[in-house]
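**Q** Got a structure here, written out as structure tokens. Questions coming.
The values are calculated or read from the model by the stated rules, or taken from the named source; none is laboratory data. Just so you know, these numbers come straight off a predicted model, no measurement behind them. With ideal geometry, Cβ positions are generated from the backbone for all residues, glycine too; neighbour counts draw on all protein chains shown. Ligands, DNA and RNA are excluded from the accessible area calculation, which covers all protein heavy atoms including side chains. Shrake-Rupley method; radii C 1.70, N 1.55, O 1.52, S 1.80 Å.
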Amino acid sequence: MTSTWGLVAITLVCAVTVGVGALGLRLSRTTSDFYVAGRTVTAGWNASAISGEYLSAASFLGVAGIVYSLGTDMLWLPVGYTLGYLVLLVLVAAPLRRSGAYTIPDFAEARLQSRRIRGISSLLVIGIGWLYLLPQFQGAGLALQTVSGAHPAIGNLVVAVVVLASVAAGGMRSITLVQAMQYWIKLVAIAVPVFVLLWIWLRHGQPLPAISSPNGPFTGPGVGYAAREHPVYATYSTLLALCFGTMGLPHVLVRFYTNPDGRAARRTTAIVIGLIGLFYLFPPIIAMLARIYLPALPPGTRADSIVLMLPGAMVPGTLGDLLSAILAAGAFAAFLSTASGLTVSVAGVIDQDLFSGRLNRRSGGDLPRTHSFRLASAVAILVPYAASWFWGNVTLADTVGMAFAVAASTLSPVLVLGVWWRRLSVTGAMAGLAVGGALAIGATVATIAGWAGSSGRGWAGTLLAQPAAWTMPIAFATTVIVSLATPGSVPKNAARILVRLHAPEEVAGRHTDA
Amino acid sequence: MPETTPPPKRVRVTSPRRDARRRGERRSDAVELTEQTGLGEVYLTALLRAQLRLALAVLIAVGGPLVALPALFLLNPSVARAAVGPVPVSWLVVGVVVYPFVYAAARLHVRQSERIERDFTDLMNRQQ
């Protein structure tokens, strides 16, 4: 399927992204601007930006693809992506903002007063960020291939270059602008085609896909994971990972710093829940229509590409091409925005924790901060780009799911207990990170290497493919038990830090130094 | 972001001195309370408890029904197979109804936790 429209649409999205990024460059001057837009972002813009950044390839292509191939149970995926923000809102949103931390390692260090905790969480942030960046590259390659027939490697390269250009050029300020815009591009790019296609479907008068059949494999709940074993466990475990993993994703906390205070952070999160919920109404409709019009996938096609193939299958000709071009533009906006957000936050961590000291020593302090940030951006994006060449045939939603599971089993206990529990000790946090990290990363590696997840492996395979249900409770329990056993390593000013985290700004003061 | 005017020249002090001083004083009130009197400790513990109770209440109110749904569909397939027009109930609930429900819960939480904070602030101000 070759489409000039599609290429034009993708080029337009890329050009706008770089263009707005360059506009931001004229506005961003200092390092603080570079990272967090100098904290001048309003709640509405910020919520759009957070949603724009959050709705990734997995949301735009992956959700429809996985609902199409595995059925009703997969509707829980977008629900979980949304619930993650509710958990974030009620457990950590305002306190994290009040902690004054830019990044998760910043928070961990401020709360526990330990450089080693900072180091471990930096490594985890970088690892989770890279795991999450991978499917963005894959998705971009897939989209470009579906629209133009180009080799997937070209799509990967386009995303890598555009993201690097806009991140290195403008940093977070331009990214906030770009991200906010990307949300609306994505919403329009999925809503308009869905309404047109629904209207065409109504005119065709086609029936719903096997929806009325009593044991239809597509719409029957509890059978959606049929390709996998133990569907109920898998559903709950995935939901748990999504609920608690969101707060641990590297690109999420960074955004919260752009809110002026804790109250604004909460309000922003509530708007985000509305915005992403609105978006998630659409992908399942695409999956349903694709079941009617594309009952079987052409050989060699991945289910992730049905979003782009559906218009052509329903209305061959110009209208189909046009709709598919709009969807391709939306998908590209999704890769660009998520990849940019992740790159900014991963680069921020690489820059602060790995580079800055060393580079400054080498250059005798001459090197401007923004230069080392640009170098860090290049590293942040090149590693997953290179890895995307070797990545196995894991679906987009699955790879993203693993990033969530690792985040839920490592950073989330430190964040939640750090915010609410006075007796969290440095040793306890360290033990939790180590145990949760070893288990979740081990399970992920096992799944990627193909030792788990495929059918016929029984409980062992299922437990490894959806690890959160056991790795997360173990991580939480380890943190709590070890903390209780080592009261000596509880930071001395823990109570004072909790004041700052929970007391409203007008009481605690915005710049309290703990 | 509606910023079309050229960026203003950067200066370090961005708020009037008077405001900065007042903020500093207030902060020390709160911090002193927690450090020197047992009272601050009590207030803070109360604030923390109230917020935690609210957070858990919201999580249970939203999580409870959602955890029950897959089990309900599984144990009682006829519920899942019931349909409103051509659309099965399970799709309608998990695909559509969940979102406004979660959004409403989020709005409720924001309102309630701001109320808790207002009460706390009033309490602190009365102590001064």
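**Q** Using a 1.4 angstrom probe on the protein heavy atoms only, could you order A:F390, A:F332, A:F195 from most to least accessible area?
**A** If we order A:F390, A:F332, A:F195 from most to least accessible, we get A:F390, A:F195, A:F332.
**Q** If amide H atoms are built 1.01 Å from N in the plane of the peptide, which residues on other chains or at least 5 residues away come under 5 Å of the amide H of B:A83?
**A** So B:A83 has HN proximity to B:V89.
**Q** Can you give the net charge of the other residues whose Cβ lies under 15 Å from the Cβ of B:R107, counting K and R as +1 and D and E as -1?
**A** +4
**Q** Order B:115-122, A:486-493 from most to least packed using the mean count of other Cβ atoms within 10 Å.
**A** Ranked by mean Cβ neighbours within 10 Å, highest first: B:115-122, A:486-493.
**Q** Any idea how far apart B:F101 and A:A434 come out in nm if each label point goes 7 Å out from Cα toward Cβ?
**A** So the two model labels end up 4.2 nm from each other.
**Q** Within a 10 angstrom radius of each residue's Cβ in A:64-77, how many Cβ atoms of other chains show up on average? Whole number is fine.
**A** 2
**Q** Just tell me how shielded A:486-497 is by partners: mean number of partner chain Cβ atoms within 10 Å of each residue's Cβ, no decimals.
**A** 1
**Q** At B:R126 and B:V89, where each label point lies 7 Å from the Cα along Cα→Cβ, what is the point-to-point distance in nanometres?
**A** Calculated label separation equals 4.9 nm.
**Q** Chains B and A: how much accessible area gets covered up at their contact, both sides added, probe 1.4 Å, in Å² to the nearest hundred?
**A** When B and A are taken together, about 5200 Å² of accessible area is lost.
**Q** Counting only the heavy atoms of the protein chains, how much of B:E41 is accessible to a 1.4 Å probe, in Å² to the nearest 10?
**A** 70
**Q** Then there's this: For the pair A:W184/A:R423, report the inter-label distance in nm, with labels modelled 7 Å from Cα in the Cβ direction.
**A** Distance between the two pseudo-spin positions: 5.1 nm.
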